[in-house]
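Everything below concerns the one structure shown next.
The numbers here are math on the coordinates, done by the rules we state, and not lab data. Keep in mind it's a predicted model, so treat the numbers as computed, not measured. Glycine also receives a Cβ, built like all others from the backbone with ideal geometry; neighbour counts cover every protein chain displayed.
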Amino acid sequence: MPFNSVFSWLIGRRMARINDYRQNPIPNQLKTFNFLTTKGKETVYGQKIGLSKVGGIDSFQQHVPLSDYGTLKPYIDDSIHGAESQLWPGKTSWFAKSSGTTADRIKILPITEDSLLQNHYANGKDLLAQYYANHSKRKLYNAKHLIIGGSGKIDQSEEGIFIGDLSAIIINHLPTWTELRRTPKKDIALLENWEEKLERMAESVLDENICIIAGIPSWTLLLLKKVLEKSGKKSIKEVWPNLELYIHGGMSFKPYQAAFHEILQIPTMNYVESYNSSEGYFGLQDQIDSKELLLLTNSQVFYEFIPMSEFEGLESKTVITLEKVEIDKEYALVITTSSGLWRYIIGDTIRFSQTHPFRFVVSGRTSHYINAFGEKLIIEHADKAISTAALRTKAQISDYTAAPYFDEEKVVGGHHWLIEFREEPTDEAQFLEDLDQLLKDENADYDAKRKDSINIGYPKMTIAPSGTFHQWLKSKGKLGGQHKVPRLMNDDRLLNEILELTR
């Protein structure tokens, strides 16, 4: 039997699991809750918080405190030094280094064998299975899969503990059947220096038969541009005529969509989104005509939600379970997982578009927003507005960030947009005017407070020279596929820091 037929058969068998996500979300969550709390009773953390006394979900919420990285860090540190059963039974040997979208803070998060196999790997296979179901007669196994990860450096301690990017951990543990089709080779994929890795990766994949690319949009575009430079071709279609699927996540694809269409020149290209982070794999796009993500309810993650209207961090009083969520309401995501994260506020916000099955979009971050004037501007609004403004003025976005400015002589203040364009708008003034109006359309609070420029003045825009955001990330030691520039901040410290590089 040909490889592709075997691969298709194996992947196709996973559809029962995916249908279970859609058909039995609440029973799945109860089963997951019972599994996690039973395991948690065997841990040091579980004994401290009294998990043995916890019965159902109500008592779990009453007795187990909300946590963040600072809360769990002492147990993670002990695990890194070889202590067993701190947050999850047994020894945890792998830890993912993650900085998320914060400016400086580094988090080192546990990756247990359970979470690696039953969450990260399992849901990656689920995504491919769903893709096969949505697009019949695919032959993906006959071609190569280009995976654009972060830094490949993995530090090993005397206690046999490994610390590195999640992508490096995943690549090091890929099953043989996957490794046969992944490119580039490990010695390149796991290079620590991103700039060297970019050069060598582009060189090594020029003559490969690529059908799938997976990676964060901003870094993927850099690689594609390098591939075109080295190949001398005008489009990626000329380099890889069988390319058909781009799997993306980690940031909104909207601001990059026009740039991808131009550089690929593949009208039939399929774009599929996933929600996979160092903390876990939580959602995948299961519909062809919608970017909404299906919540993965049977992957060793128990979900809780804090309404953002009542969000007070670790002191939040209102925390609900899945059956109580409402459509079009923004929630801070709280997770309990088989990696040992207990009622952990991950920092992402989501908004459900549908229940039964539960589908959602990632709307932003609990700490990344602009509310200097009561406008409650979130990343979802900003991404949609800036991408539409770019489309209207034939611009392409490389990266951006925004923050409030204050001008008490004229108005209270406004928003300052620092944008690096791949292609600058045909009319800068029109771009800014469109951006302002689109933000009004997206956000009623912004619209109300922009009226007559009494509370919020007209936005300002600074165009950053090419390479500015790359230079800032490099200055922070954050070059690579897992790192992102914060989109929105509620003060101008980060924006001014990046501006300094342009002077």
Practice problem: Can you pull the one-decimal nm distance between simple spin-label points at E433 and Q471, each 7 Å off the Cα toward Cβ? | Solution: 3.2
Quiz item: For the pair S309 and D441, what calculated FRET efficiency results from E = 1/(1 + (r/R0)^6), where r is the Cβ-Cβ distance and R0 = 30 Å, to the nearest 0.05?
Solution: 0.90
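Hey, can you rank 358-365, 80-87 by average C-beta count inside 10 Å, highest first?
Descending mean neighbour count gives 358-365, 80-87.
Order these peptides, 199-206, 282-289, 48-55, by their mean beta-carbon neighbour count within 10 angstrom, highest first. All intermediate terms of the calculation are to be shown ahead of the outcome.
Details: 199-206: 17.4, 282-289: 19.5, 48-55: 13.5.
Highest-to-lowest ranking by the protection proxy: 282-289, 199-206, 48-55.
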Quiz prompt | Mean-position separation - Cα centroids, the stretch 348-411 and the stretch 217-266, in angstrom | solution = 24
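Please rank V64, V272, fewest neighbouring Cβ atoms within 10 Å first, as an exposure proxy. Show your work: numbers first, answer last.
Working: V64 19, V272 23.
Ascending number of Cβ neighbours within 10 Å: V64, V272.
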Self-check item: Top positive-direction residue, dipole computed over the chain with Cβ charges, set H470, P65, T220
Solution: T220
Exercise. Given a cut-off of 26 Å, name the pairs among K317/K384; K125/K233; K226/K474; K449/K478; K234/K254; K291/K394 whose C-alpha atoms lie farther apart than that in the structure shown.
Key: K317/K384; K125/K233; K449/K478
Self-check item: Virtual spin-label span in nm between K31 and N490, 7 Å along Cα→Cβ
Solution: 4.0
Exercise. At a Cα cut-off below 17 Å, give the lysines reachable from K230, other chains included and same-chain residues fewer than 8 away excluded.
Key: K197
Exercise. With only alpha-carbon atoms counted, please give the Rg and Dmax of the stretch 116-277, in Å.
Key: 15.7, 52
Quiz item: Can you list the residues, at least 5 places off or on another chain, whose amide H is less than 5 Å from the amide H of Y344, using H built in the peptide plane?
Solution: S67, I335, T336
Practice problem: Mind checking which aspartates and glutamates have their Cα closer than 19 Å to the Cα of K48? Skip sequence neighbours fewer than 8 apart in that chain. | Solution: D58, D68, D77, D78, E84
Quiz prompt | the chain - percent relative contact order, Cα under 8 Å, separation 6 or more | solution = 15
Quiz item: What distance in nm separates the simple spin-label points at A16 and Q287, each placed 7 Å from Cα in the Cβ direction?
Solution: 2.7
Quiz item: Which of the aspartates and glutamates could a cross-linker bridge to K460, judged by Cα under 12 Å and excluding same-chain residues fewer than eight apart?
Solution: D407, E428, E433, D436
